[in-house]
1. Checking understanding here: applying a Kyte-Doolittle mean of at least -1.0 and a length along the axis of at least 24 Å (C-alpha), which whole DSSP H helices in the chain pass?
2. Of Lys183/Lys368; Lys387/Lys487; Lys358/Lys390, which ones are farther than 23 Å apart at the Cα?
3. Tell me what the chain gives for mean residue ellipticity at 222 nm when only DSSP H runs of n ≥ 4 count, each as -39,500 (n - 2.57), the sum divided by the residue total, rounded to 500 deg cm²/dmol.
4. Using a simple charge model, +1 on the beta-carbon of Lys and Arg, -1 on the beta-carbon of Asp and Glu, nothing else, what dipole does the range 478-588 show about its Cα centre, in debye to the nearest 20?
5. Taking H as built 1.01 Å from N, whose amide H comes closer than 5 Å to the amide H of Ser117, not counting residues under 5 places away?
6. Please report the accessible area of Leu578 (heavy atoms, 1.4 Å probe, ligands and nucleic acids excluded) in Å², nearest 10.
7. For Glu59, Glu766, Glu710, give me the order by solvent-accessible area with a 1.4 Å probe, most accessible first, ignoring ligands, DNA and RNA.
8. When we measure straight from the Cα of Lys762, which aspartates and glutamates land under 12 angstrom away, once same-chain ones fewer than 8 places off are left out?
Amino acid sequence: MGSLIGLRVQHNGAREERVISGIGRVAIGLACLLVPLSLSSCNRPAHPVEEQTVVNPDEWPSWGRTGSETHYSPLDEIDTGNVGKLKLAWHFDLEPGYTPSTPLMAEGKVFITTGHSHIRALDAVTGKPLWEYDGGTRDRATSSLQLTWGNKGIAYDTGHVFLVTTDGFVISLDAKTGKEVWKTMDFPDTAPRNANGAPRVFGGKVITGFGGGDISPARGFVSAYDAATGKLAWRFYTTPGDEVTPTNRKAEDLMRRTWPGGWKNPDGTRRGGGGTAWNAFAYDADLRLVYLGVGNGFPYNQKLRSPEGGDNLFLASVVAVDVDTGEYRWHYQICPAEQWDCTATADMTLATVELEGKARKVLMQAPKNGFFYVLDRATGEFLSAEKIAKVTWAERIDAKTGRPIENPGIRYNGKPGMFEMWPGPTGAHSWQPQAYSPQTGLVYVPIMELPALIGEGQEGGGEVSAGMGVTLIPEVELPGGHKSYLKAWNPATQAEAWRVDLPGTWPGGVMASAGGLVWQGQMDGKFVARDAKTGKELWSFKTESPIVGAPITYRVNGRQYVTVLTGAGGQGAGMQTLGNAMYRTDYRLPRRVLTFALDGRDSIPPFEVPPLVPVSDPDFKPDLARAQAGAMLFGTRACIVCHGWNAVAGGAAPDLRYSPAITDAATFRTIVKDGGFKMNGMPPFPQITDPELETLRFYLRSRAQSAPAEQKALLEKAKAARRSNAKPQDFAGKWNITIQSPVGPQKAIMDLNVSGNVITGKVVAEQGSVDLAGGFKNGRAKLEGKASMPMPITITYDVTVRDGELTGDNSNGPFGTFPVTGVR
């Protein structure tokens, strides 16, 4: 049992596990001396181990395994010394659909959720299916939001499995049979909402929230239901409103003071809202506190949401409430007066950490905004925060006030142009779980370096969601961007212990285990185990599909297993697809449950990745203006949510650039407007007019025309990633360039001036001209300039010179990245 020695006691038929102290600790020390070869299993924890993190070590019954949300298991049969012998024990094939979810294990069963609340129970030893349950969302769904993505997780407690469907039903199932025990609707009205985060069961309550804060000012709340009966126990509101219950009175009074102009329009309709808590919850059983991670406001633009200013609580906050009553206890706001999709919805981890020589019970979070926070979880006291990624919106977090020292440019209201924002709206850390190991005292965080451009909303478009009041380009090519890492972070010193570069820009969720290991899936289809102390890769398994969901580990009959689901998806609003375009994230790739053990004997059949076949569309005739109009429709009619930025899919839905449906108007209408594929998860869009539908289809046909050249350019760019032998002066002069755009080759003149490593110039084409500035590094010239079509966008060039020919790519804001060639 290694570092987590326990005493097992049979009590009323249930096994308890307690941490031994005193003599037991002496025995641990002797064991380590007597068995030097087992030293890795005898590591003392770097930080105290909290008892609630070692209860039921054989099982994984919740999203983070326990209320502490550490994503850590005390099992250590598989360790740094033998993980290289890990083999596949069993697998279970899944249908296409949403699979970036975390499985559970209890009662000798592995429970999984895929698609829209399709629940299965599998035998934990063999993978044999035992029962399945369909949540029925696809039958009932009345909006595209209710069919967005799918469920990231489910919960288990005392013989029951709990799920929340994307359209709002909270359901309890009998874990033995899969039969419904109770079912209740969480959504009180028809405001646009969806639930795709994992519910939790804390203190006998099923805790659930919902999403939708990017598209309407609906009032956010978190609900708690009695786990045995399904009766609503309490509801905590995260933004102010007319309904004030005795439970919410204290919180309501506090919130209203931070919305000085109120949240209503003069006609009584709701002007400001949001604050959805759709993912992150944690629980301290001793303090009886549930911690809520609260999301962004709507509209994004605070001048529209709250014209008289204020901090607008509880947007972008961690809030502690009483588990029994839902009453407010404390809060900490990470982004006061939030207006950048700055959310506190990333995992919150509870642990005991030694700070300044004193053991402190803390809450740790690495939210979107790029800082790593440590708070006292009893009081909410701010203890520390440091940057864990590149941050331009704030200089630091003030140690005395706990408030950010903002970059003035980030308050875009009334200002021209756009602000370069690091991290962008998907964040430095999104919903993918982080993990904490008490052995090392480190938190393992999947980190992204992804910038965006943001500015005041304006006529002519640019708003990803109507009414946001902001122009936002969430995927831009900037130096240092489009990277991801696994970072090991020391919360006591607020310093990086180690990092590992990861493929693509959408890192998988993380698990840590007592064998001294950290586990994570990758976009390139590798499942990896690393040394928790150093980050060194010790084992990997190649799958045919990317892995985004977090793995789990469990034990049956003394044998330890590790389970993970394969499949891409889960990117916010279809973003983070361009940075993964080098990797096949195809919707059709096999999705499986994979389970490993030291003596596994299973294997998966060989699979050949289907080729990307361009669609045949001989009648297509280019029209740049119409293609741009279609791009705006694709961005503002929710298409990007599932089908990806620039129509480059990320695995959540088919890549429409290669879909034959876009070449036939009748087929396209049947699918998009009439809901012909609703049961496959594609919602109908009856509100789209017939002219809009054809313009949208024209845009996709344009993207299909350019897709083969883009793919070829990606492959060539990868080959050219090695250092080029070009020199700065090789770029000087006038170049006749050709851009392979969606509407055919576009000719232009690029005139470049070189001074040292600084390069400036201009590109002149029939549509207009763009001034460029940038520099030379590692044999490449990276240049950018500003244009307007119709909203402000950034035009970038990343080019090199070989044998007198200029090659590279050109990125046109939201309209795509295209191959460029040129000759003098």
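1. Values: long enough: 690-719 (44 Å, -0.86).
Qualifying helices, which must be both long enough and hydrophobic enough, are 690-719.
2. Result: Lys183/Lys368; Lys358/Lys390 exceed 23 Å.
3. Details: 8 runs with 85 residues, N = 824.
-3000 deg cm²/dmol, from helical runs alone.
4. On the way: 12 positive and 7 negative charges, 45 e Å.
So the magnitude is around 220 debye.
5. Amide H to amide H, under 5 Å and 5 or more residues apart or across chains, Ser117 pairs with Asn151.
6. My reading of the accessible area for Leu578 is about 40 Å².
7. So, going from the largest accessible area down, we get Glu766, Glu59, Glu710.
8. Here the aspartates and glutamates satisfying the reach criterion relative to Lys762 are Asp751, Asp771, Glu784.
The values are calculated or read from the model by the stated rules, or taken from the named source; none is laboratory data. A quick note: this is a predicted structure, and the numbers were derived from the prediction, not measured. Quick reminder, even Gly has a Cβ in these numbers, built from the backbone with ideal geometry, and neighbours come from all protein chains shown. Quick note on the areas: whole protein, heavy atoms, side chains included, nothing else; ligands and nucleic acids left out. Shrake-Rupley method; radii C 1.70, N 1.55, O 1.52, S 1.80 Å.
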